[in-house]
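S.K.: Below is a structure I'd like to ask you about.
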C-alpha cells in the first residue's frame with residue numbers, strides 16, 4: 001500500500017511521523033521547509049546498500065527483484081546483456097572503473113589517454129541514461145586539478161552532474177566545497193585503508209556538515225556492520241557477500257543484521273551455490289536497511 005499525504009507538517013511532529021514510517025512506506029506531498037527537509041527525514045535518510053562485484057554468476061544473481069546494484073564501467077561496457085537491466089534495478093550506480101582499467105594496462109597510468117576514456121565513459125552514461133555515476137577520482141595519479149578538469153569535461157559531455165569522490169588528500173575545506181556544490185557526494189579510500197577504522201569517527205562530522213547542506217553521502221566499499229548503524233550514510237556499496245567464496249563462509253540475514261558461518265575445517269564451499277546464497281542474503285539485508293538504518 002502507498003499512501004500519499006498532502007498538507008504542511010510542522011517540525012514538532014517529526015518524531016510521530018517517523019514512528020508511523022516504520023510501519024509502512026509513506027510518500028509526502030506539499031511539504032513545507034527548506035528542500036522538503038521533513039520529507040527527506042522520512043524517506044531519504046534510511047540507507048541504501050548497493051551490491052557490487054564482478055563474478056561469473058551475475059545473470060543468476062540479477063533475477064532477484066528490487067535490488068540496488070553498483071557496476072564498474074570497465075566490466076559492464078563489454079557485457080551488453082546487462083544493458084537492459086540498468087533501468088530494471090531499484091537503484092543503479094556506475095563506477096568509472098578507472099583504477100581497474102589502469103591495472104589492466106599494467107599500471108601505465110601516465111600513458112593512458114584519460115580524455116578519450118572520459119569521452120567513452122560519458123557516451124555510455126548518456127546512451128543508457130544513467131543518473132548516478134562517479135567521477136574519475138584518480139587524484140593520486142594525475143592530481144586534483146586534472147581530476148577537476150576531467151570532471152568538468154565529463155559533466156559537459158553527459159549534461160548531468162557526476163558524484164565527486166572525496167579522498168583524505170583533498171582536505172577538510174574541499175569536503176565543504178563538494179557538499180555545497182553537489183547534492184550527492186562520495187567518500188573514497190575506505191577499502192584500501194586510506195581511511196582506517198580508527199578514523200571512522202570523522203564520518204560523524206562529515207555527515208553532519210553534509211546534512212546542513214542537504215547533501216547525500218555515499219561511502220564507497222563501507223559495510224562495517226557496526227558502522228552502518230552508527231554512521232547514517234545515505235548509501236553504501238559492498239562486495240562483502242563475495243568474501244564467502246574467498247574465505248569459506250556462508251552469510252545469513254537474521255532479521256536485523258548479517259551473520260557469518262565459517263565452513264568446518266577440511267571442508268570447502270560450493271562456489272556458485274555459495275555466491276548466489278550469500279548475494280541473496282545480502283539482498284535481504286539491503287531491503288531491511290532501506291527501512292531501518
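S.K.: Among the strands (runs of 3 or more DSSP E) confined wholly to region 47-125, which include 3 or more residues that are surrounded by 13 or more Cβ atoms within 10 Å (Cβ to Cβ) and touching a residue at least 40 places away in the same chain (Cβ under 8 Å)?
M.R.: Values: elements: 48-51, 68-72, 91-95.
Because the criterion is at least 3 residues that are surrounded by 13 or more Cβ atoms within 10 Å (Cβ to Cβ) and touching a residue at least 40 places away in the same chain (Cβ under 8 Å), the strands (runs of 3 or more DSSP E) in region 47-125 that meet it are 48-51, 91-95.
S.K.: With respect to residue 182, is the statement that it is in contact with a strand residue (DSSP E or B) (Cβ under 6 Å, 6 or more places away or on another chain) and either assigned by TED's automatic domain parsing to the domain that holds residue 58 or surrounded by 16 or more Cβ atoms within 10 Å (Cβ to Cβ) (or both) true? I'd like the intermediate steps shown before the answer.
M.R.: Working: in contact with a strand residue (DSSP E or B) (Cβ under 6 Å, 6 or more places away or on another chain): no; either assigned by TED's automatic domain parsing to the domain that holds residue 58 or surrounded by 16 or more Cβ atoms within 10 Å (Cβ to Cβ) (or both): yes.
No, not satisfied.
S.K.: Are any of the residues in region 192-206 surrounded by 14 or more Cβ atoms within 10 Å (Cβ to Cβ) and closer than 23 Å to residue 91 by Cα?
M.R.: No, because not a single residue in region 192-206 is surrounded by 14 or more Cβ atoms within 10 Å (Cβ to Cβ) and closer than 23 Å to residue 91 by Cα.
S.K.: Within the group 154, 150, which residue is in contact with a strand residue (DSSP E or B) (Cβ under 9 Å, 6 or more places away or on another chain), assigned to a helix (DSSP H, G or I) and within 27 Å of residue 82 (Cβ to Cβ)? If you could, list the steps in order and put the result at the bottom.
M.R.: Numbers: 150 fails: in contact with a strand residue (DSSP E or B) (Cβ under 9 Å, 6 or more places away or on another chain).
So the residue among 154, 150 that is in contact with a strand residue (DSSP E or B) (Cβ under 9 Å, 6 or more places away or on another chain), assigned to a helix (DSSP H, G or I) and within 27 Å of residue 82 (Cβ to Cβ) is 154.
S.K.: Among 125, 64, which is the only one that is within 23 Å of residue 234 (Cβ to Cβ) and modelled with pLDDT under 90? Outline the logic, then answer.
M.R.: Working: 125 fails: modelled with pLDDT under 90.
Exactly one of 125, 64 is within 23 Å of residue 234 (Cβ to Cβ) and modelled with pLDDT under 90, namely 64.
S.K.: Output yes when any residue across region 214-226 is at pLDDT below 95 and touching a helix residue (DSSP H, G or I) at 6+ places or on another chain (Cβ under 6 Å), and no when none is.
M.R.: Among the residues of region 214-226, at least one is at pLDDT below 95 and touching a helix residue (DSSP H, G or I) at 6+ places or on another chain (Cβ under 6 Å), which makes the answer yes.
S.K.: Identify, from the list 245, 292, 280, the residue that is surrounded by 13 or more Cβ atoms within 10 Å (Cβ to Cβ) and closer than 17 Å to residue 49 by Cα.
M.R.: Working: 245 fails: closer than 17 Å to residue 49 by Cα; 292 fails: surrounded by 13 or more Cβ atoms within 10 Å (Cβ to Cβ).
Sole residue among the options that is surrounded by 13 or more Cβ atoms within 10 Å (Cβ to Cβ) and closer than 17 Å to residue 49 by Cα: 280.
The values are calculated or read from the model by the stated rules, or taken from the named source; none is laboratory data. Remember, predicted model here, so these are calculated numbers, not experimental data. So basically every Cβ, Gly included, is an ideal-geometry build from the backbone, and we count neighbours across all protein chains shown.
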